[in-house]
Amino acid sequence: MLVVGVASLTVAACASTQSAGCASWVDFKTPADAAADADAVVIGTVAGRGDDVRVMGGDAHTWTVEVADWVRGHGGSPIVVTPMPDHCGEDPPYPGGDPLRPFADDGTPVMLFLREGDAYDLEEGVYTTLTPYQGVIPAPVDGRIPEEW
């Protein structure tokens, strides 16, 4: 279930007005809740940065992820993952920082909660994280979806 709300912001400039929308993201109580809503859950390593793509009206990063295990769903490896941006007006796509960058920098295995990118008009085979805030965690040692964030 993807829940996106839109708030309207009116900005006056040179006698004209523009509207900008800000997404309101669902807050999953547990990783199991996120996994139930995800198209796929994978464990892998972030291998490298790709080109930017347009998602929800703004730029977003892409990353190549080497998949070690498909916990939910199925597919090959590598896959392309776009961390869902949190665009609001002219803000940067990742106000708190790109959530995949730290894992790319140190090679820590991750668990990703993913939605197929065609929901956002991305190429087939490109995935997005469920939300900008709940889409990536360090991979659990036992490979199971953890009970708590």
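Restricting attention to region 86-114, the residues that are part of a loop (DSSP other than H, G, I, E, B), modelled with pLDDT under 90 and at negative phi add up to 9.
Looking at region 115-125, which of its residues are open to solvent by 50 Å² or more (accessible area, probe 1.4 Å) and assigned to a strand (DSSP E or B)?
Residue satisfying the conditions is GLU116 alone.
Take VAL67 and decide whether it is β-branched (Val, Ile, Thr), touching a helix residue (DSSP H, G or I) at 6+ places or on another chain (Cβ under 8 Å), in a strand (DSSP E or B) and open to solvent by 10 Å² or more (accessible area, probe 1.4 Å). It is false that VAL67 is β-branched (Val, Ile, Thr), touching a helix residue (DSSP H, G or I) at 6+ places or on another chain (Cβ under 8 Å), in a strand (DSSP E or B) and open to solvent by 10 Å² or more (accessible area, probe 1.4 Å). The set of residues from region 135-144 being surrounded by fewer than 20 Cβ atoms within 10 Å (Cβ to Cβ) and assigned to a loop (DSSP other than H, G, I, E, B) comprises PRO140, VAL141, ASP142, GLY143, ARG144. Looking at this structure, is PRO132 of a type outside the set (D, E, K, R), touching a residue at least 60 places away in the same chain (Cβ under 8 Å) and in a loop (DSSP other than H, G, I, E, B)? It is true that PRO132 is of a type outside the set (D, E, K, R), touching a residue at least 60 places away in the same chain (Cβ under 8 Å) and in a loop (DSSP other than H, G, I, E, B). In the condition set (1) of a type in the set (D, E, K, R); (2) touching a helix residue (DSSP H, G or I) at 6+ places or on another chain (Cβ under 8 Å); (3) free of Cβ contacts under 8 Å to residues at least 60 places away in the same chain; (4) within 19 Å of ASP27 (Cα to Cα), GLU124 is compliant with all but (4).
Just a yes or no: is a residue in region 131-146 within 19 Å of ASP37 (Cα to Cα) and modelled with pLDDT under 90? The answer is no, given that none of the residues of region 131-146 is within 19 Å of ASP37 (Cα to Cα) and modelled with pLDDT under 90.
Scanning region 26-64 for residues that are in a strand (DSSP E or B) and aromatic (Phe, Trp, Tyr) turns up just one, TRP63.
So that you can scan it fast, the table gives a plain yes or no per residue for (1) of a type in the set (A, V, I, L, M, F, W, C); (2) over 13 Å from the mean Cα position of the chain (by Cα); (3) open to solvent by 20 Å² or more (accessible area, probe 1.4 Å):
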{"residue": "VAL26", "(1), (2), (3)": "yes, no, yes"}
{"residue": "ALA38", "(1), (2), (3)": "yes, no, no"}
{"residue": "GLY50", "(1), (2), (3)": "no, yes, yes"}
{"residue": "GLY73", "(1), (2), (3)": "no, yes, yes"}
{"residue": "GLY76", "(1), (2), (3)": "no, yes, yes"}
{"residue": "PRO95", "(1), (2), (3)": "no, yes, yes"}
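Considering (1) open to solvent by 40 Å² or more (accessible area, probe 1.4 Å); (2) in contact (Cβ under 8 Å) with a residue 12 or more places away in the chain, the lone condition that PRO99 does not fulfil carries the number (1). Taking first residues from region 136-149 that are among the β-branched types (Val, Ile, Thr) and partners that are in a strand (DSSP E or B), the Cβ contacts under 7 Å between residues at least 6 apart in sequence or on separate chains come to VAL136/VAL110; VAL136/LEU112; VAL136/THR129; ILE137/VAL110; ILE137/MET111; ILE145/VAL41; ILE145/VAL71.
The values are calculated or read from the model by the stated rules, or taken from the named source; none is laboratory data. A quick note: this is a predicted structure, and the numbers were derived from the prediction, not measured. Glycine gets a Cβ as well: all are built from the backbone with ideal geometry, and neighbour counts include every protein chain shown. Note: areas computed on protein heavy atoms with side chains; ligands, DNA, RNA excluded. Shrake-Rupley method; radii C 1.70, N 1.55, O 1.52, S 1.80 Å.
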